[in-house]
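The values are calculated or read from the model by the stated rules, or taken from the named source; none is laboratory data. Please read all numbers here as calculations on a predicted model, not as lab measurements. With ideal geometry, Cβ positions are generated from the backbone for all residues, glycine too; neighbour counts draw on all protein chains shown. Ligands, DNA and RNA are stripped out before the accessible areas are found, and what is left, the full protein with its side chains, is counted by its heavy atoms. Shrake-Rupley method; radii C 1.70, N 1.55, O 1.52, S 1.80 Å.
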Amino acid sequence: MARFNVAGNKMYPGLCAELSVPFRQNGSLIVALTEDELSHLHQLYENGTKNGVDGLAIIGAEEVRRIEPNLKETICGALVAPTGGIVGAYEFTTALAENGVVNGGDVRLNAEVVKLEKYQSEGVLAEKLGVPGGFFKITFASGESVCARYVVNAAGIYSDAVQQLIGQKRYKVTPRKGEYYILDKRQGNLVERTIFMCPSKLGKGVLVSPTVHGNLLVGPDAQDGEDKEDVSTTRRGLDFVRNMSKLLSDHVDFSDGIRNFAGLRALPDGKDFIIELDPDVHGLLNLAGIKSPGLTSAPAIAVYAVDLLANAGLDFHENSDFNPHRSEVRFASLSSSEKEALVKENPLYGRVICRCEQITEAEIVESIRRPLGARTLDGVKRRCRPGSGRCQGGFCGPRVLEILSRELGVPREQIDKDRVGSYILTGKTK
């Protein structure tokens with residue numbers, strides 16, 4: 001975790017610039033609420049310095065209040081990490097996948113893997129197929145199948161289930177649910193940095209952080225379970241988040257909450273990420289249990305995964321036509337002259353669909369037409385944010401649905417909210 005967290009952190013500014021992804025290096029504070037926790041911060045400082053984290057410093061209570069005046073006066077001190085940052089996680093994930101498609105990759109959506117088989121090939125057959133180490137047959141729930149020489153198992157909370165489709169059970173991944181509040185942009189300037197509690201065995205505790213889009217994020221709690229589809233929110237979990245956040249600041253106004261949500265972290269049965277070539281199945285690379293700091297670590301894990309595959313025999317050739325760049329217009333962030341020029345070029349930039357976030361019809365159309373473009377209401381939301389503001393799609397939702405229907409050439413009743421079957425309209429009532 002420490003190795004890839006540090007390496008991945010250093011990759012973000014460059015990657016986000018290349019892929020036109022919102023990113024801000026706002027720094028972070030890990031605060032001590034007691035003298036015992038202050039002692040723990042010194043241990044974290046030593047570990048972080050040893051692991052190569054740049055710029056770490058421990059500050060006292062007075063300095064904490066100077067740089068973050070809305071934090072509690074009872075805070076004893078803090079560990080400052082100036083290289084901490086915030087990113088549009090949905091945009092980053094989509095941009096990476098889209099860039100992969102642009103550079104020759106293929107993505108199969110709604111393709112649940114139900115069978116994974118390994119076929120050995122020898123002699124003439126191996127030479128004919130070009131697979132001296134054998135090959136995998138991957139079968140989807142639809143009955144369709146594909147073959148591959150190597151398989152990277154990065155299935156998140158289902159990575160243990162995928163590994164056990166073909167190999168002996170090597171690890172267990174438990175879903176750890178965390179519930180959050182997203183608050184209106186009126187709360188977005190409460191803190192400048194991401195504020196963490198002193199970590200415990202359950203994780204980093206409840207944090208208070210600005211988002212890269214100007215909101216305030218508060219959470220999560222930590223609930224271990226067995227249901228890998230349970231992303232429900234609960235009164236108990238949200239009350240816990242509210243009460244714990246009061247240890248950090250009394251100024252969070254939860255009446256400005258615009259959405260609650262829950263996410264599932266992939267908790268391994270060991271203490272570290274599981275990154276390994278499966279010892280029982282040649283050609284299977286397991287990337288499992290990538291819990292926090294998985295988002296930060298992901299780019300560095302990817303680089304290491306390439307090295308592991310090369311060592312396993314995969315012959316890499318540099319793509320001389322590789323294009324690392326991607327551009328995306330965010331109309332609301334442009335100057336008046338830039339906006340005027342775009343509207344002249346494309347009048348759809350002059351039609352605001354999402355009033356809360358100032359998202360135009362042109363941006364929505366672009367999110368649908370891009371490689372690996374949006375096909376659902378939430379797909380559009382995660383790419384260019386209509387529905388992410390205070391009204392949560394109350395105004396723009398029907399309009400985005402109409403645009404999707406028009407652009408995809410399908411009836412409005414066939415547009416899903418998110419997953420297959422999450423219909424919005426069933427037909428006319430009048």
> Given a Förster distance of 45 angstrom, what is the FRET efficiency for Val102 paired with Glu73, based on the Cβ-Cβ distance and rounded to 0.05?
Replying inline: 0.30
> Length gain on complete extension for the stretch His251 to Thr234, per 0.36 nm per residue less the alpha carbon to alpha carbon distance?
Replying inline: 3.8 nm
> Do any cysteines in the chain lack another Cys Cβ under 4.7 Å, and if so which?
Replying inline: Cys16, Cys76, Cys147, Cys198, Cys356, Cys384, Cys391
> Which Cα, out of Gly389, Ile368, Ile403, lies furthest along the positive dipole direction of the range 358-410 (beta carbon charges, K/R +1, D/E -1)?
Replying inline: Gly389
>> Report the Cα centroid-to-centroid distance between the range 34-81 and the range 137-216 in angstrom, as an integer.
In response: 27 Å
> Within the chain, which complete DSSP H helices have Cα atoms spanning at least 24 Å along the helix axis and a mean Kyte-Doolittle hydropathy of -0.5 or higher?
Replying inline: 2-19, 294-311
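Around Ile157, what is the net charge, scoring Lys/Arg as +1 and Asp/Glu as -1 over all other residues with Cβ under 15 Å from its Cβ?
-2
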> Given Gly14, Val113, His42, which one lies farthest toward the positive end of the charge dipole of the range 12-144, if we put +1 on the Cβ of every Lys and Arg and -1 on the Cβ of every Asp and Glu?
Replying inline: Val113
> In whole percent, what relative contact order does the chain give with Cα contacts below 8 Å and a gap of six or more residues?
Replying inline: 16 percent
> Looking at the range 322-392, which chymotrypsin sites (Phe, Trp or Tyr not before Pro) are in a loop (DSSP not H, G, I, E or B) and have at most 12 other Cβ atoms within 10 Å?
Replying inline: Phe322
> Rg and Dmax of the chain, using alpha carbons, in Å: what are they?
Replying inline: 23.6, 75
> So how long is each side of the range 171-248 along the principal axes, counting just the alpha-carbon atoms, biggest first, in Å?
Replying inline: 41, 25, 23
> FRET efficiency for Asn189 and Leu425, Cβ-Cβ distance as r, R0 = 51 Å, nearest 0.05?
Replying inline: 0.85
> What net charge is computed for the residues neighbouring His325, neighbours being all others with C-beta under 12 Å from the C-beta of His325, Lys and Arg scored +1, Asp and Glu -1?
Replying inline: -2
> Rounded to the nearest 0.05, what FRET efficiency is calculated for Ile59 and Asp418 with R0 set to 35 Å and r the Cβ-Cβ distance?
Replying inline: 0.25
>> Would you calculate the convex hull of the Cα atoms in the range 286-430 and tell me its volume per residue in Å³?
In response: 202 Å³
> Add -39500 (n - 2.57) for each DSSP H run of 4 or more in the chain, then divide by its residues: what number comes out at 222 nm, to the nearest 500 deg cm²/dmol?
Replying inline: -9500 deg cm²/dmol
> What percent do you get for the relative contact order of the range 330-430 when only Cα pairs under 8 Å and 6+ apart count?
Replying inline: 21 percent
>> Within 9 Å, Cβ to Cβ, of Ser292, how many net charges do the neighbouring residues add up to if Lys/Arg are +1 and Asp/Glu are -1?
In response: +3
> Are there GluC sites (Glu not before Pro) in the range 41-81 that DSSP puts in a loop and that have at most 11 other Cβ atoms within 10 Å, and which ones?
Replying inline: Glu73
> Rank Ser335, Ser255 by accessible area, highest first, at a 1.4 Å probe radius?
Replying inline: Ser255, Ser335
> Given Lys10/Lys381; Lys228/Lys428; Lys246/Lys339; Lys246/Lys291; Lys118/Lys177; Lys72/Lys172, which pairs have Cα atoms separated by over 30 Å?
Replying inline: Lys228/Lys428; Lys246/Lys339; Lys118/Lys177; Lys72/Lys172
> Which whole-Hz couplings ³J(HN,Hα) result when phi for each residue of the range 108-117 is put into the Karplus expression 6.51 cos²θ - 1.76 cosθ + 1.60, θ = phi - 60°, listed in order with x for Gly and Pro?
Replying inline: 10, 8, 6, 10, 5, 7, 10, 8, 9, 10
> Could you give the length gained on full extension between Leu334 and Gln120, defined as 0.36 nm per residue of separation minus the Cα-Cα distance, in nm?
Replying inline: 71.4 nm
> Rounded to the nearest 5, what is the percent of antiparallel bridges among the DSSP beta bridges in the chain?
Replying inline: 90 percent
